[in-house]
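Trainee: Attaching a single structure in C-alpha cells format; questions to follow.
Each value in this text was obtained by applying a stated rule to the coordinates, not by laboratory testing. Fair warning: this is a prediction, and the values are worked out from it, not measured in the lab. All Cβ positions, glycine included, derive from the backbone under ideal geometry; neighbour counts span all protein chains shown.
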Amino acid sequence: MITLLDYGAGNVRSVINALEQLGESVELVANGADIAKAQKLVFPGVGNFGAMMQILRDKQLIEPLLAYLKEDKPFFGICVALQALFASSEEAPDMPGLDFLPGRVKRFDTDLSVPHIGWNGYKVRQPSRIFNDLTGEEKLYFVHSYYVECDDADAVLTSTDYGCEFVSSVQKGNIIATQFHPEKSGRVGLKILENFLQGSQETIRPQHCPQTTKLAKRIIACLDVRSNDQGDLVVTKGDQYDVREKGDVRNLGKPVQLAEEYYRQGADEITFLNITAFRDFPLEDMPMIEVLRQTSKNVFVPLTIGGGIRDFTDRNGRHYTALEVAAEYFRSGADKISIGSDAVLIVEEVLKTGKATGMSSIEQIARMYGNQAVVISVDPRRVYVDSPDAVSHQVMETAFPGP
C-alpha cells in the first residue's frame, strides 16, 4: 500500500496511474493520521509553491509531514514537493517551506526560455537504489520555473544544466525528491518509481555521467478530436477546417487508442485539441474528460488539452469558470491546458486598457497551477500589406510569398 499526499491541486492522476501500473494500491491522505501511519509516502507537488504550502497549512498537514520526514521513512517527492523541503522560495517569499533541508528555491535567471520545459539529462552525485537498470544517459521530463539551491552537498542526488547547474534531485536516508516528473518520463520514469518502491535493492551509480546535460528534441503528437455524426469522438484532420470527406467526418481513429500507439512509438508528449464545442454538457460529463482519464492510465508522457477552456453555462443553467474547467482537466490527467481564441481577446483587452486585470483565464490558471501549466495555441494566418506603415504592429519581409 502506497500513501499519496494529494492536497487538491493539479494532476496527481498520472502519479496514481503510474503506481497502479506498477502493481501498487494507493490510499489518499485525508488527514495527518494517514501520514503518520504511512509505510511509503509519495508527494506529487504541483503548481505554485505558495498555494501548495498554504493548503498544507490549512489542512493541518505540516507537522505530520515533518514528523514523517524526521523518522526517515520512505518518501518520494515530485517537482514542487522537492522545493517544499526547503526553507523558502522566491515564488512566494512570505510563505515558509518545511525547512527540512538547508537551502532555498530560486527562479531561473537566464537568457534561455523560462519555464524550463522538456526532456533533459542528469548527473549523478551519489549512489541510489533508484538508479538500478539505468545507464546515466537517459532523459527525464522537467517543467519548472524555479529550482533548488541546496546547502548540504551530501543531500544532492543529481544535478542538471539549464543556464546554470541546478539540483534536480535530493536524497537523505530514505527521503528522495526529484525536480523532474518520473510519472511523465515514460518507461525510464516508471523504472525510477519501481526502484523506489522496491526498497531492498542495492544502491548503485549508473555507468555513465555526462559532463553537461542539455534538452533533447521532442516529438509531440497533436490530435484534433471532435464528435462525428453518430456522437463518437474521433481523431480527424481538415483541409482548411473542412474535416468532412464524402459527407462524413474524416475518421483517423479513436483518440485514446491513437495516443497509446504514439506513446509506444516514442512520442514525448501528446496534445488533444478539442475542436467540438461541448457547451451544453455539464462539466463532469464532458467527453474529453473521459478521454484524458483513459489515456493517462497507459500513457506516461505529458498530456496537453486544448479547446473550450473558458467560462460557460451548461444546459442545466450551471455556470463554470475557466479555472473550474481547467481544474477538472488537470484532475483527469492533463498536465497543461491550451488556450486559443480567448488568448487573443485577452491580449487585445490588455492592449486596449494598458494593464492586466489579474482576472483573465490565463492569469487565474497560471496563478493557481504555475505558468508552465498554461500554453497558448494560435492558428496563424499570413496577410500581406503594401508597406510596413500600413499597419500599427510589427511585420516581416519575406522573399518567399506563400498562401
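Trainee: Using Cα pairs closer than 8 Å and at least 6 residues apart in sequence, work out the relative contact order for segment 1-105, in percent.
Mentor: About 26 percent, as a whole number.
Trainee: Restricting to DSSP loop positions (anything but H, G, I, E, B) with no more than 16 other Cβ atoms inside 10 Å of their own Cβ, which trypsin sites (Lys or Arg not before Pro) remain in segment 300-377?
Mentor: Filter output for segment 300-377: 315, 318, 355.
Trainee: If packing is taken as the average count of other Cβ atoms within 10 Å, what order do 76-88, 261-273 fall into, highest mean first?
Mentor: Listed from highest to lowest mean packing, they are 76-88, 261-273.
Trainee: Over all pairs of distinct alpha carbons, what does the Kirkwood formula give as the hydrodynamic radius of segment 220-376, in Å?
Mentor: About 16.4 Å, per the Kirkwood formula over Cα pairs.
Trainee: Add +1 for every Lys or Arg and -1 for every Asp or Glu among the other residues with Cβ under 14 Å from the Cβ of residue 90, and state the total.
Mentor: Neighbour charge sum, excluding residue 90 itself: -1.
Trainee: Continuing with the same structure: Let's test the formula: R0 of 51 Å, r as the Cβ-Cβ distance of residue 355 and residue 202. What FRET efficiency results, to the nearest 0.05?
Mentor: 0.30
Trainee: Do any GluC sites (Glu not before Pro) in segment 140-222 lie in a loop, going by DSSP, with at most 15 other beta-carbon atoms within 10 Å of their beta carbon, and if so which?
Mentor: Hits after loop and neighbour filter: 202.
Trainee: Excluding same-chain residues fewer than 8 positions from residue 123, which lysines have a Cα within less than 16 Å of its Cα?
Mentor: Of all the lysines, those that pass the test against residue 123 - Cα under 16 Å, at least 8 places apart if same chain - are 139, 214.
Trainee: Follow-up. Once phi is turned into ³J(HN,Hα) by the Karplus curve 6.51 cos²θ - 1.76 cosθ + 1.60 with θ = phi - 60°, what whole-Hz value does each residue of segment 174-191 show in order, with x for glycine and proline?
Mentor: Residue by residue, segment 174-191 yields 8, 8, 10, 8, 10, 7, 6, 9, x, 5, 10, 9, x, 5, 5, x, 4, 5 Hz.
Trainee: What net charge do the residues around residue 235 carry, taking every other residue with its C-beta under 10 Å from that of residue 235, with Lys and Arg at +1 and Asp and Glu at -1?
Mentor: +3
Trainee: Expressed in whole Å with the largest first, what are the equivalent ellipsoid semi-axes of segment 53-203 derived from the C-alpha gyration tensor as the square root of 5 times each eigenvalue?
Mentor: 23, 21, 13
Trainee: Using only the alpha-carbon atoms of segment 67-148, report the extent along each of the three principal axes, biggest first, to the nearest angstrom.
Mentor: 41, 41, 17
Trainee: How long, wide and thick is segment 1-138, going by the Cα atoms along their three principal axes, in whole angstroms, largest first?
Mentor: 45, 42, 27
Trainee: Can I ask one more? Out of segment 135-243, which trypsin sites (Lys or Arg not before Pro) are coil in DSSP terms and have no more than 13 other C-beta atoms within 10 Å?
Mentor: When the trypsin sites (Lys or Arg not before Pro) of segment 135-243 are filtered for loop state and at most 13 Cβ neighbours within 10 Å, 214, 217, 237 remain.
Trainee: Let me ask something additional. Send over the per residue convex hull volume for the chain, Cα only, as a whole number of Å³.
Mentor: In the chain, the Cα hull volume divided by residue count equals 181 Å³.
Trainee: Got the relative contact order for segment 108-152 handy, in percent, Cα pairs under 8 Å and 6 or more residues apart?
Mentor: About 51 percent, as a whole number.
Trainee: Could you list which residues have their amide H under 5 Å from that of residue 253, counting only those 5 or more apart in sequence or on another chain, with H placed in the peptide plane?
Mentor: Amide H neighbours of residue 253, under 5 Å, 5+ apart: 235.
Trainee: Sticking with this structure for a sec: Between beta-carbons, use under 15 Å as the cut-off and find the net charge around residue 350, counting Lys and Arg +1, Asp and Glu -1.
Mentor: -2
Trainee: Something else now. Which lysines does residue 254 reach when only Cα atoms under 24 Å apart count, and residues fewer than 8 places away in its own chain are ignored?
Mentor: Once the sequence-local lysines are set aside, what remains near residue 254 is 184, 237, 246, 297, 336.
Trainee: Still on this structure: Run the simple label-point estimate for residue 109 and residue 245 please: 7 Å along Cα→C-beta, distance reported in nm.
Mentor: 5.5 nm
Trainee: So, in Å, what gap is there between the alpha-carbon centers of segment 341-359 and segment 240-268?
Mentor: Between the Cα centres of segment 341-359 and segment 240-268 lies a distance of 34 Å.
Trainee: Moving to a separate point now. Could you name the lysines in cross-link range of residue 37, using Cα to Cα under 18 Å and dropping any fewer than eight places away on the same chain?
Mentor: 59, 70, 73
Trainee: Another one. Calculate the translational D of segment 279-362 in whole µm² s⁻¹ from Stokes-Einstein, where the hydrodynamic radius comes from the Kirkwood formula applied to all Cα pairs, the temperature is 25 °C and the viscosity 0.890 mPa s.
Mentor: 176 µm²/s
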